[in-house]
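Okay, structure first, notes after.
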Amino acid sequence: MKHPGTTILLIVLLLPGCGGILGTGGAEVTGLSLLHDRRSSSAIMADERIEVDATMELNSHDDISAKAHFNITSYNGIVLVTGEAPNERLRNKIISIVRMIDGVRLVYDEMVIAPPSSFSSRSNDAYITTKVKNALTTIDDIPGFDATRVKVITENGAVYLMGLVHKQEGDRAGEAARRVKGVTKVVKVFEYID
């Protein structure tokens, strides 16, 4: 007899249009990424928990939720914080809170001092992210390269690349991202495995 949870998981994985099984933050888990991810399943779940915990904690502070825009992306315990804060004091507060979240190994502070980005800017960032992901799928000169192992985050035209990759994979991913129209800069936040 099958375990009932197995059937439910398979149905969720096979539903067309489902963005992910877990997906409140950057550690979105899809069927494809789950099969190809170099992180352990416990690391994937820990990243999801870090993102949820950090987002909930930051939103519990009225000054942050009212005046700042932030994105928290965790990959293997390495956290990228992007977005905008109106002043350095608030940015520092956000980073300090994120550093205190259980499981965080390292924080990359990529927040800028600026008013929160507009809806059109965020929509453009989502479009750039899609174009970069598509560009990564064209990398065919590295045996075993899997584009789903590279996490792509875009903030105000700047593209951040995360993942557990070989140095050659990271270099090629960076080159592919740089060639995408609309990308203002590429920041590699990879954890190298060689």
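Among the conditions (1) of a type outside the set (D, E); (2) modelled with pLDDT under 95; (3) more than 18 Å from K133 (Cα to Cα), R39 misses just one, which is (2). With respect to (1) buried (at least 17 other Cβ atoms within 10 Å of the Cβ); (2) under 26 Å from F145 (Cα atoms); (3) out of contact with any Gly (no Cβ under 7 Å at 6 or more places or on another chain), the lone exception for A46 is condition (3). Every listed requirement among (1) over 13 Å from the mean Cα position of the chain (by Cα); (2) at pLDDT below 95; (3) surrounded by 15 or more Cβ atoms within 10 Å (Cβ to Cβ) is met by E28 save one, (1). Note on region 173-194: among residues that are more than 23 Å from V112 (Cβ to Cβ) and surrounded by fewer than 19 Cβ atoms within 10 Å (Cβ to Cβ), the one that is modelled with the lowest pLDDT is D194. For region 140-170, a tally of residues being open to solvent by less than 30 Å² (accessible area, probe 1.4 Å) and either closer than 30 Å to S120 by Cβ or assigned to a strand (DSSP E or B) (or both) returns 15. Restricting region 62-95 to residues that are polar (S, T, N, Q) and closer than 26 Å to R39 by Cα leaves a set whose member that is surrounded by the most Cβ atoms within 10 Å (Cβ to Cβ) is S74.
The values are calculated or read from the model by the stated rules, or taken from the named source; none is laboratory data. Here the structure is a predicted model, which means the values were calculated and not measured. Cβ sites come from the backbone with ideal geometry, for glycine too, and all protein chains shown count toward neighbours. To get the accessible areas, we keep the full protein, side chains included, count just its heavy atoms, and leave off ligands, DNA and RNA. Shrake-Rupley method; radii C 1.70, N 1.55, O 1.52, S 1.80 Å.
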